[in-house]
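Scroll down for the structure; my scribbles are underneath it.
The values are calculated or read from the model by the stated rules, or taken from the named source; none is laboratory data. These figures come from a predicted structure and were not determined experimentally. Counting neighbours? That spans all protein chains shown, and the Cβs are built from the backbone with ideal geometry, glycine included. Ligands, DNA and RNA are excluded from the accessible area calculation, which covers all protein heavy atoms including side chains. Shrake-Rupley method; radii C 1.70, N 1.55, O 1.52, S 1.80 Å.
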Amino acid sequence: MTSIPNQSKGHPKGLYVLFATEMWERFNYYGMRAILVLFMTKALLFDKAFASNLYGSYTGLVYLTPLIGGYIADRYWGNKKSIITGGLMMALGEFVLFFCAAFHNTNAQLSTFLFFTGLGLMIAGNGFFKPNISSLVGQLYPKGDKRSDAAYTIFYMGINVGGALGPIVCGFLGENVDFKWAFFAGGVAMLLGVLVQILFQKKYVVAPDGKELGLVPAGTPKAALNPLVIGVGLAAFSALMIGLFYIDAKVFSFLTYLLVASVLFIAFVIFSDKSLGNIEKQRIGVIFIVAFFVIFFWSAFEQAGASLTFFAAEQTQRDLGFITVPASVFASLNSIFVVSFAPIFAWLWIKLGKNEPASPTKMALGLFLLALGYLWIAFGVKDVSSSVKVSMMWLIGMYALHTCGELCLSPIGLSLVNKLAPLKFGSLLMAVWFLANAAANKFAGILSSLYPPGTAEIKQAADAGINLQPILSKTVVPNAQELAKLKDLKIPFEYQSILGFQINSLYEFFMMFVVMAGIASLILFAITKKLQKMMHQDILD
Ligand code: GLN
């Protein structure tokens, strides 16, 4: 190893520049996400099922664009240019949403247009930002430097400091003042992130040899850096994202098919490669299998920004006497718990030493803890009428268990892909990982749309002079006039079904996740040994 000063002890200052940039970006993303479904249902007056599906389309696409942003950075722009461009696009998205919220009462059509435009810009911007900031973290260290694992842990803290602050600040502003100020705060936070990059990147975000990182790659064609080409390209890309988002949310839900087709295509490309040996194929098989299982984890986990926010808003007693906690603030609990529990988990794995569970076992454990979290909250709402608000401890306990699950499962994913993928297919298999995350988020929206009609709908119907309860329980059939009114007001008057099971209550809704994550966990536990064999660890070490 070279004897570069300040490399063996502590961390390079650049890590803290990236920490701060990512913290502000996550503040912007999670702050906005925390109020998104509330803004849709309370201000834009979308029904919950539509808002849920739209949430899935949005977050699904958010996890898809990093594939494109990563590719463009590698070939043409480098990390720095991509991060700044992506950050500015997201900030612009937030400010467009600010105007959307400002106009929703006076000009509904303009407001809807701004809504899709703002979120589309955030989808496009995230694609340039997210993959590039993460990749810079690793580049701060010489290859094989032991500090880089710790660096990612510190960086993950940055993510979660932002993830905790965003929903608290945006939640209070959005729910207690006006939604528009929540979007505004998100935009300002994103600009602060960009500012940190602009001011400190050049000086501190440097390679171990002192060279600036994230520069435009050598050999980039001049045209790719021409401001006119960039401007037109970004406008076209944003328009495409806005369009795709609009189509998936409102016209025809194609995203699931696109994701499945992409994964099958990649599997075909890889497995039909004649140069791959049997062992390599088995290892790649593990990546596909594990990616499939994490879909069940994240789709249940990401209910945080959708059904669980509805639950916080409608069914949770949030009045502390001196203050009412905004529903969106519950979205910060996961991040608060990550920051609090991560050191405990790190200690635990070290303490277990040789007995530390293998990666697939940890993932199965993650799914199990997630199922346990839903079991906890299902217990909290069992036999509770939809007009009663339950204690906050049900949501708090559930988020604590979910976070323990995340800390078992989440850190393993990317490192497993890195370890198991043959060099030749490294990027394609990373893409599979992102596609699985995108599918999980899309699926989260679909599952959230099964949220049963409850207090809010019963009250809304009562205001319109209709008694919804007997209609929901099918003891009374609505007459033609009532039916028309319910449809007109977009009040759901039927429970949804999944795989032939009707979700009649919140208890059944939460039990759906217990069953889904529980079964996935059991299967993963059962095949752990087989997966470990397929990983051929002995040759890796
Ligand atoms: N909370 C983490 C982040 O925002 C991880 C989320 C995920 O991997 N789905 O980066």
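So if I check each of 301, 297, 293, which one is open to solvent by 10 Å² or more (accessible area, probe 1.4 Å), in contact with a Leu (Cβ under 6 Å, 6 or more places away or on another chain) and within 16 Å of the ligand (Cβ to nearest atom)? Don't jump to the end; show me each part of the working.
Details: 301 fails: in contact with a Leu (Cβ under 6 Å, 6 or more places away or on another chain); 297 fails: open to solvent by 10 Å² or more (accessible area, probe 1.4 Å).
Among 301, 297, 293, only 293 is open to solvent by 10 Å² or more (accessible area, probe 1.4 Å), in contact with a Leu (Cβ under 6 Å, 6 or more places away or on another chain) and within 16 Å of the ligand (Cβ to nearest atom).
Does residue 166 fit the bill of being under 26 Å from residue 341 (Cβ atoms) and either surrounded by fewer than 24 Cβ atoms within 10 Å (Cβ to Cβ) or in contact with a Ser or Thr (Cβ under 8 Å, 6 or more places away or on another chain) (or both)? Give the derivation first.
Values: under 26 Å from residue 341 (Cβ atoms): yes; either surrounded by fewer than 24 Cβ atoms within 10 Å (Cβ to Cβ) or in contact with a Ser or Thr (Cβ under 8 Å, 6 or more places away or on another chain) (or both): yes.
Criteria met by residue 166.
What pairs come up if the first residue lies in the stretch 192-216 and is closer than 16 Å to residue 12 by Cα, the second is acidic (Asp, Glu), and their beta carbons are under 9 Å apart, counting only those six or more places apart or on different chains?
201/212; 202/212; 203/212; 205/212; 206/212; 208/145
Is it the case that the stretch 244-257 has a residue that's outside any helix (DSSP H, G or I), open to solvent by 30 Å² or more (accessible area, probe 1.4 Å) and in contact (Cβ under 8 Å) with a residue 40 or more places away in the chain? Steps first, please.
Residues of the stretch 244-257 that are outside any helix (DSSP H, G or I), as a first pass: 252-254.
Cutting the leftovers down to open to solvent by 30 Å² or more (accessible area, probe 1.4 Å) gives us 252-254.
Now drop any that are not in contact (Cβ under 8 Å) with a residue 40 or more places away in the chain, which leaves 253.
Yes, some residue in the stretch 244-257 is outside any helix (DSSP H, G or I), open to solvent by 30 Å² or more (accessible area, probe 1.4 Å) and in contact (Cβ under 8 Å) with a residue 40 or more places away in the chain.
Considering only the stretch 381-410, state which residues are basic (Lys, Arg) and either within 16 Å of the ligand (Cβ to nearest atom) or touching a strand residue (DSSP E or B) at 6+ places or on another chain (Cβ under 7 Å) (or both). Even if it seems obvious, please write down each step before you answer.
Just the residues of the stretch 381-410 that are basic (Lys, Arg), to begin with: 382, 389.
Listed by number, the list holds a single entry, 389.
Quick check on my filter: what residues within the stretch 309-332 are more than 18 Å from residue 182 (Cβ to Cβ), touching a residue at least 24 places away in the same chain (Cβ under 8 Å) and either open to solvent by 10 Å² or more (accessible area, probe 1.4 Å) or part of a helix (DSSP H, G or I) (or both)?
Result: 311, 314, 315, 317.
Given the criterion open to solvent by less than 30 Å² (accessible area, probe 1.4 Å), in contact with a helix residue (DSSP H, G or I) (Cβ under 6 Å, 6 or more places away or on another chain), modelled with pLDDT under 95 and more than 16 Å from the ligand (Cβ to nearest atom), identify the matching residue among 91, 73.
On the way: 91 fails: modelled with pLDDT under 95.
Going through 91, 73 in turn, the sole match is 73.
This table checks each residue for (1) open to solvent by 40 Å² or more (accessible area, probe 1.4 Å); (2) away from the ligand (no atom under 16 Å from the Cβ); (3) at pLDDT below 90; (4) within 27 Å of residue 374 (Cα to Cα).
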site: 414; (1), (2), (3), (4): yes, no, yes, yes
site: 424; (1), (2), (3), (4): yes, yes, yes, no
site: 427; (1), (2), (3), (4): yes, yes, yes, no
site: 433; (1), (2), (3), (4): no, no, no, yes
site: 439; (1), (2), (3), (4): no, no, no, yes
site: 449; (1), (2), (3), (4): no, yes, no, yes
site: 489; (1), (2), (3), (4): yes, yes, yes, no
